[in-house]
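S.K.: Questions regarding the structure given below will be posed in turn.
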Amino acid sequence: MRIIAPLLKMGLSGGAIYVVANQGVFSISQKETIEASKQISNSLHGLDSYFDRVKIPVGLSKQDFVEYWNTGVLVTIGALASLPSDSKELASRGLNYLKQEIGKQIK
């Protein structure tokens, strides 16, 4: 049972990287990368207003891009790693809140 959680996390992260790579985001050509990111952003209809507000700096060096990308990957994997414990804590809080509200309604 202890091996299922790490395997699931690795599968989710590997699947996310595969989908992004399959869309062409990691391609060598800058034009292909821009086209792939436009295609991905067009498929996410609810985030249009967010993408309008986000401005990517033009003078971004390759090293800066790699550091930002690695930070994003670390944050994503960290969120996936803490998901079971966070879900358990939030479910516990929600259950306690419901108990309190039901107790108030009964009184």
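S.K.: Please give the length that would be gained between VAL20 and GLN63 if that part of the chain were fully extended, namely 0.36 nm times their separation in residues minus their C-alpha to C-alpha distance (nm, one decimal). Mind dumping the intermediate values first?
M.R.: Numbers: separation 43, 0.36 × 43 = 15.48 nm, distance 1.98 nm.
Once the chain is fully extended between VAL20 and GLN63, it gains 13.5 nm.
S.K.: Within straight cross-link reach of LYS99, meaning Cα distance under 25 Å, which lysines are found once same-chain residues fewer than 8 apart are removed?
M.R.: Here the lysines satisfying the reach criterion relative to LYS99 are LYS88, LYS107.
S.K.: Need the full-extension length gain, SER13 to ALA79, defined as separation in residues times 0.36 nm minus the C-alpha distance. One decimal, nm.
M.R.: Details: separation 66, 0.36 × 66 = 23.76 nm, distance 1.09 nm.
So the chain would gain 22.7 nm between SER13 and ALA79.
No lab work stands behind these numbers, since they all come straight from the coordinates. Computed from a prediction, not measured in an experiment: that's the story for all the values here.
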